[in-house]
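Read the figures in this text as sums done on the coordinates, not as results from a lab. Bear in mind the structure is a predicted one, so any value in this text is a computation, not a measurement. Cβ atoms come from the backbone with ideal geometry, glycine included; neighbour counts cover every protein chain shown.
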Amino acid sequence: MTGSPPLPDLLSEPLGEFAPDGVPPRAAEPSRPPEPVIPLGQAEIAASLKRMGVIGSHEQPHCRPLDGGVSSEIWLIELPGRRLCLKRALPQLKLAQIWEAPVIRNHHEFAWFRVAGRICPEAVPRLVGQDSAHGLFVMEYLDPGMYPLWKNQLRDGHADPAIAASVGARLAQIHGATAGDSEIARMFATNDSFYALRLEPYLIAPTRLHPDLAGPLGRLAHATARTHLTLVHGDVSPKNILVGRRGPVFLDAECAWYGDPAFDLAFCLNHLLLKCLWNTRAVSRYLACFDRLAETYLGQVEWEPRDDIEKRASHLLPGLLLARIDGKSPVECVTSEMDKGRVRRVARALLLNPVDRLYAVREAWAAARAGV
Ligand SMILES: Nc1ncnc2c1ncn2[C@@H]1O[C@H](COP(=O)(O)OP(=O)(O)O)[C@@H](O)[C@H]1O
Ligand SMILES: [Mg+2]
């Protein structure tokens, strides 16, 4: 990443309000450039936990790697009476079209959790500690039995509009509380990495297959890059949302950026549209989730005129639809050529003739899906 400002010292403030069971999370080191990546194992994790002051010198954690991440190592750490989760960013994403991503994103992810946790503590895992010199942090482990992945629920046709509404509400709450905050803007001035991780792979990469869309997609990417209104999560996908008894919990904030909140809104709504191709029996429920998320979110927008953000999200949505077919991170739930063709057709039509309302995107999508 070039041109990034120096890292803010996130650790100069107390972290106490994020602590599990009243134990303040600790930091092993103040922020400085991460050291070369060494493979993690039980001994390295134990040493890191000791440096962070999470365990005493004689405690031995039991650690095992978890599946599921595409860009990071995730470990479950078992200690007497508590379970923790360690996340370390990998220098390359485990995707077919490998892209490199600076591991400093782990620092921004930790910072997003800290900020969002202050605004809505139930919307994030509690933080335990950060070992920034080793590019990792530790949070509470949220048991999948109690915190199922929203993506798995949606896949199984369990698409509850109340959960979608709550995702919209929490997202708008985090966006609203960070709107116009120059300190947060400074902490998350991650313009270069947001371009590299989001705008280029999603909005620019598809122009290789669709050169005639270079104009609309390029304008979309540039308009998004120029908008700096709130803290953005950057990966609000059902695969990064756990559904707890006290509402949705956001994970995976590696793409955090101070930018355009319409990106988060459109990114999540895009997944709800694409799910319609995954489980065709649940189409009306997915679309009800789309409507509830959009309505709830827009109902809480106070930092700018609602029509403005709705318009930007409506313009982004067809770009993101196309991205998940012909961008660098194709979605797993669309496999047949017929479905890919449908997505391309509706996305192209809306990119060439944009609509300004989310219901109009949803209507165009529903018609294209039904082959109308
Ligand atoms: N705090 C946590 N508690 C329990 N499971 C977690 C936690 N954080 C991540 N996971 C699991 O690991 C998976 C990948 O985590 P994520 O942060 O999304 O990594 P990646 O950036 O690699 O996608 C999640 O889908 C979830 O199953
Ligand atoms: Mg993830």
(Q) Take the chain, mark every one of the GluC sites (Glu not before Pro) that falls in a DSSP loop and has at most 13 other Cβ within 10 Å, then report the longest stretch left between them, sites excluded. (A) 60-301
Q.
Under the rule a/c < 1.5 gives rounded, and otherwise a/b versus b/c splits prolate from oblate, where does the range 153-243 land using the Cα gyration tensor?
A. oblate
Q. Relative contact order (percent) for the chain, with alpha-carbon contacts under 8 angstrom and 6 or more residues of separation?
A. 16 percent
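Loop only by DSSP, 14 or fewer other Cβ within 10 Å of the Cβ. Give me the chymotrypsin sites (Phe, Trp or Tyr not before Pro) in the range 217-323 that pass, ordered by residue number.
Qualifying residues, ordered by number: none.
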Q. Restricting attention to the range 231-286, which trypsin sites (Lys or Arg not before Pro) occupy a DSSP loop and are surrounded by at most 14 other Cβ atoms within 10 Å?
A. R245, R246
Q. Which entries in K151/K311; K151/K340; K239/K275; K275/K328 show an alpha-carbon gap greater than 22 Å?
A. K151/K311
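Suppose R0 equals 30 Å; then what is the FRET efficiency for A43 and R118 from their Cβ-Cβ distance, rounded to the nearest 0.05?
0.30
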Q: Report the antiparallel proportion of the DSSP beta bridges in the chain as a percent, rounded to a multiple of 5.
A: 95 percent
(Q) To test your reading of the geometry: what angle, between 0 and 90 degrees and rounded to tens, separates the Cα axis of helix 337-352 from the longest principal axis of the chain? (A) 80 degrees
